[in-house]
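Student: Following this message is one structure expressed as structure tokens.
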Amino acid sequence: MVRVVGREADRATRLLHRAREARLSGERASVVPRAEIDASWNRAARSGVDPEQSPESELLGADEIEHRRRGTVLGEVMPLLRAGLASIADASQQIMVVTDGEGRVLWRQGDAGVLRRAHGICLEEGAAWSETATGTNAIGTALATRAPVQVHSAEHFVRALHDWTCAAAPVRDPRDGRLVGIVDVSGPASTFHPATLALVDSVARLAEAEIRTRHLAAIERLRSVAAPILCRLEGRALAVDAHGRLAAVTGMPPVDRLPLPKSLRPGPVWLPSLGMCRVEPLPGGWLVRVADGGGEGPPRRVELDLSRPRALAVRLTGPLGACTQPLSPRHAELLYALAVHREGRTASELARDLFGDATRTVTVRAEVSRLRRHLAEVLAHRPYRFGDGVDVEVVHPEHPADLLPWSTAPVVTASRAAAEP
């Protein structure tokens, strides 16, 4: 791996330091950081991170680390991550770091000298590397933005990290789109190379593809068990895995995914897209039988929780109980637009809200169709809107600038701008 050396690297580093010092002192600088770094500095400052603090955190215990390793799908793809990154990191005097969805380090591997040096900045197993804990850094900023990012030298908010460079990319579970962790390569600032980010992001995408392949094999095993059972049943029924992904169905149109409560148990349960159902366990999933007569009316209340950018969700409360459904960033934007415009929106109006382009109606209709598969009893159409009689509440983040911070949708950016003092 070629290292960046010489006068140009030194000059770039000096400019980074100058921009950071100007920002912290409130002065106007002749140069400004990249937009993603500038936004991260703002988040770190609002979180109360001290730029002169030591990057220490309370480490998780060995039992907790092992529990988290067993509980994440990342453990299944660690051989791929090691093959794709660890050997390269070792050869380039860097280390590979893998965290969970909270930014807690679960695995490290790479150059022995750099691993020892990383102890000095608490880049070790069990440490917290979210932006709220350690300020701007590749792991924490990738978590906050859900996008690949490279952070070099004085782009780090905390001064103690200025001798380091890092590149990180998020890994999502393709079964439900949930962010499950971060893959990172870190090392001394002298090991910086602009191609590192592309390498890390490519390996993260390979990990997602491996997770998808393993999931398809598990679905096929569940289908072989469930198909003979469904053939003997009358009425509507379907077999899904633990994430709600469809394996087999009878008596009703197929769905890609059935939203399930986090704590699902055998017996009667109310599901927002089907109404009252009876659930029975299957090897690797669930048998869901829809009760005759369906549900007892739509939910009375919808709570759109946007308070935590990494845990977007919608909670439905009705006569048969409550159910919480995680949301993708795009579906969170769409529901927010409908919450802002309770009177309803046409496809072209939603296209302007989400993309600033009224012609992207095909994309809007496809996204609404996917969302209605999960929230059929909540959403109406012609125009698109929340159903009549449904009480809707939006739970905003504490600071207006943290409202879907990665979003460039006009309806979101307008709300953030309107809330600024």
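The values are calculated or read from the model by the stated rules, or taken from the named source; none is laboratory data. Bear in mind that the values here come from a model prediction, so they are computed numbers and not experimental data. Because the Cβ atoms are built from the backbone with ideal geometry, glycine has one as well, and the counts that use them run over all protein chains shown. Just the protein is used for accessible areas: all its heavy atoms, side chains included, with ligands, DNA and RNA removed. Shrake-Rupley method; radii C 1.70, N 1.55, O 1.52, S 1.80 Å.
Student: Any idea how many residues of region 151-178 are of a type in the set (D, E, K, R), more than 14 Å from the chain's Cα centre (by Cα) and closer than 24 Å to residue 209 by Cα?
Tutor: Of the residues in region 151-178, the ones of a type in the set (D, E, K, R) are 155, 159, 163, 172-173, 175-176, 178.
Retained after the next criterion (residues that are more than 14 Å from the chain's Cα centre (by Cα)): 155, 159, 163.
Next, from what is left, pick out any that are closer than 24 Å to residue 209 by Cα: none.
Adding up the residues that qualify gives 0.
Student: Scan region 153-175 residue by residue and report those that are open to solvent by 30 Å² or more (accessible area, probe 1.4 Å) and under 12 Å from residue 187 (Cα atoms). I'd like the intermediate steps shown before the answer.
Tutor: Filtering region 153-175 for residues open to solvent by 30 Å² or more (accessible area, probe 1.4 Å) gives 159-160, 163, 172, 174-175.
163 - this is the single residue of region 153-175 that is open to solvent by 30 Å² or more (accessible area, probe 1.4 Å) and under 12 Å from residue 187 (Cα atoms).
Student: Under the condition of being outside any loop (DSSP other than H, G, I, E, B) and aliphatic (A, V, I, L, M), which residue from region 150-172 is farthest from residue 108 (Cα to Cα)?
Tutor: The first filter runs over region 150-172 and keeps only residues outside any loop (DSSP other than H, G, I, E, B), leaving 150-155, 159-161, 164-172.
From what's left, aliphatic (A, V, I, L, M): 151, 154, 160-161, 167-169, 171.
Numbers: 151: 19, 154: 23, 160: 20, 161: 18, 167: 14, 168: 13, 169: 15, 171: 16 Å.
Selected residue: 154.
Here is a yes/no grid of residues against (1) touching a strand residue (DSSP E or B) at 6+ places or on another chain (Cβ under 8 Å); (2) β-branched (Val, Ile, Thr); (3) within 22 Å of residue 312 (Cα to Cα):
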position: 355; (1), (2), (3): no, no, yes
position: 359; (1), (2), (3): no, yes, no
position: 362; (1), (2), (3): no, yes, no
position: 366; (1), (2), (3): no, no, yes
position: 381; (1), (2), (3): no, no, no
position: 384; (1), (2), (3): yes, no, yes
position: 391; (1), (2), (3): yes, no, yes
position: 394; (1), (2), (3): yes, yes, yes
position: 397; (1), (2), (3): no, no, yes
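Student: Of the numbered conditions (1) surrounded by 12 or more Cβ atoms within 10 Å (Cβ to Cβ); (2) over 22 Å from residue 176 (Cβ atoms); (3) acidic (Asp, Glu), residue 241 fails exactly one; give the number of that condition.
Tutor: For residue 241, the failing item is (2).
Student: When region 256-265 is examined, which residues are found to be touching a residue at least 24 places away in the same chain (Cβ under 8 Å) and open to solvent by less than 40 Å² (accessible area, probe 1.4 Å)?
Tutor: Initial filter on region 256-265 (touching a residue at least 24 places away in the same chain (Cβ under 8 Å)): 256-262.
Answer for region 256-265, where residues must be touching a residue at least 24 places away in the same chain (Cβ under 8 Å) and open to solvent by less than 40 Å² (accessible area, probe 1.4 Å): 257, 258, 259, 260, 261.
Student: Would it be correct to say that residue 113 is part of a helix (DSSP H, G or I) and either over 28 Å from residue 35 (Cα atoms) or of a type outside the set (Gly, Ala, Ser) (or both)? Write out each step before concluding.
Tutor: Values: part of a helix (DSSP H, G or I): yes; either over 28 Å from residue 35 (Cα atoms) or of a type outside the set (Gly, Ala, Ser) (or both): yes.
Yes; evaluated as a whole, the condition is true for this residue.
Student: OK, next. For residues in region 208-229 being without any contact (Cβ under 8 Å) to a residue 40 or more places away in the chain and over 28 Å from the mean Cα position of the chain (by Cα), which is farthest from residue 73 (Cα to Cα)? Write out each step before concluding.
Tutor: Taking region 208-229 and keeping what is without any contact (Cβ under 8 Å) to a residue 40 or more places away in the chain, we get 208-209, 212-213, 216-217, 219-220, 223-224, 227-228.
Narrowing the set further to residues that are over 28 Å from the mean Cα position of the chain (by Cα) leaves 223-224, 227-228.
Details: 223: 21, 224: 23, 227: 27, 228: 29 Å.
If we take residues in region 208-229 being without any contact (Cβ under 8 Å) to a residue 40 or more places away in the chain and over 28 Å from the mean Cα position of the chain (by Cα), then 228 is farthest from residue 73 (Cα to Cα).
Student: Within region 354-371, can one find any residue that is under 21 Å from residue 270 (Cβ atoms), crowded, with 16+ Cβ neighbours inside 10 Å and in contact with a helix residue (DSSP H, G or I) (Cβ under 6 Å, 6 or more places away or on another chain)? Let's see the steps before the verdict.
Tutor: Of region 354-371, the ones under 21 Å from residue 270 (Cβ atoms) are 371.
Those left that are additionally crowded, with 16+ Cβ neighbours inside 10 Å: 371.
If we keep only those that are in contact with a helix residue (DSSP H, G or I) (Cβ under 6 Å, 6 or more places away or on another chain) as well, we get 371.
Looking through region 354-371, at least one residue is under 21 Å from residue 270 (Cβ atoms), crowded, with 16+ Cβ neighbours inside 10 Å and in contact with a helix residue (DSSP H, G or I) (Cβ under 6 Å, 6 or more places away or on another chain).
Student: Moving to a separate point now. Name the single residue, out of those in region 106-121 being free of Cβ contacts under 8 Å to residues at least 60 places away in the same chain and of a type in the set (Lys, Arg), that is surrounded by the most Cβ atoms within 10 Å (Cβ to Cβ).
Tutor: Among those that are free of Cβ contacts under 8 Å to residues at least 60 places away in the same chain and of a type in the set (Lys, Arg), it is 108.
Student: Consider residue 181 carefully, then state whether it is part of a strand (DSSP E or B), modelled with pLDDT of 95 or more and within 15 Å of the chain's Cα centre (by Cα).
Tutor: Numbers: part of a strand (DSSP E or B): yes; modelled with pLDDT of 95 or more: yes; within 15 Å of the chain's Cα centre (by Cα): yes.
Criteria met by residue 181.
Student: Turning to a different aspect of this structure: Could you tell me which numbered condition residue 231 fails, if it satisfies all but one of (1) at pLDDT below 95; (2) surrounded by 13 or more Cβ atoms within 10 Å (Cβ to Cβ); (3) among the hydrophobic types (A, V, I, L, M, F, W, C)?
Tutor: (2)
Student: Still on this structure, please answer the following. From 102, 76, 124, 58, which residue is in contact with a helix residue (DSSP H, G or I) (Cβ under 9 Å, 6 or more places away or on another chain), open to solvent by 50 Å² or more (accessible area, probe 1.4 Å) and in a loop (DSSP other than H, G, I, E, B)?
Tutor: 102
Student: Here's a follow-up. May I ask you to verify whether residue 110 is among the small types (Gly, Ala, Ser) and under 22 Å from the mean Cα position of the chain (by Cα)?
Tutor: Values: among the small types (Gly, Ala, Ser): yes; under 22 Å from the mean Cα position of the chain (by Cα): no.
No, not satisfied.
Student: Could I ask something else about it? Kindly establish whether residue 202 is part of a helix (DSSP H, G or I), among the polar types (S, T, N, Q), over 30 Å from residue 90 (Cα atoms) and open to solvent by 50 Å² or more (accessible area, probe 1.4 Å).
Tutor: On the way: part of a helix (DSSP H, G or I): yes; among the polar types (S, T, N, Q): yes; over 30 Å from residue 90 (Cα atoms): no; open to solvent by 50 Å² or more (accessible area, probe 1.4 Å): yes.
Criteria not met by residue 202.
Student: Follow-up. Just to check your reading of the model, which residue among 222, 246 is open to solvent by less than 10 Å² (accessible area, probe 1.4 Å), more than 30 Å from residue 118 (Cα to Cα) and among the aliphatic types (A, V, I, L, M)? Show your work before the answer.
Tutor: Working: 246 fails: open to solvent by less than 10 Å² (accessible area, probe 1.4 Å).
Checking each option against the conditions leaves just 222.
Student: Can you confirm whether residue 240 is at pLDDT 90 or above, touching a Phe, Trp or Tyr at 6+ places or on another chain (Cβ under 9 Å) and under 28 Å from residue 366 (Cα atoms)? Before you say what the answer is, go through the steps one by one.
Tutor: Details: at pLDDT 90 or above: yes; touching a Phe, Trp or Tyr at 6+ places or on another chain (Cβ under 9 Å): yes; under 28 Å from residue 366 (Cα atoms): yes.
For residue 240, the condition - at pLDDT 90 or above, touching a Phe, Trp or Tyr at 6+ places or on another chain (Cβ under 9 Å) and under 28 Å from residue 366 (Cα atoms) - is met.
Every residue, every condition in (1) surrounded by 14 or more Cβ atoms within 10 Å (Cβ to Cβ); (2) of a type in the set (Val, Ile, Thr); (3) over 19 Å from residue 360 (Cβ atoms), yes or no:
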position: 388; (1), (2), (3): no, no, yes
position: 391; (1), (2), (3): no, no, yes
position: 398; (1), (2), (3): no, no, yes
position: 409; (1), (2), (3): yes, no, no
position: 416; (1), (2), (3): yes, no, yes
position: 420; (1), (2), (3): no, no, yes
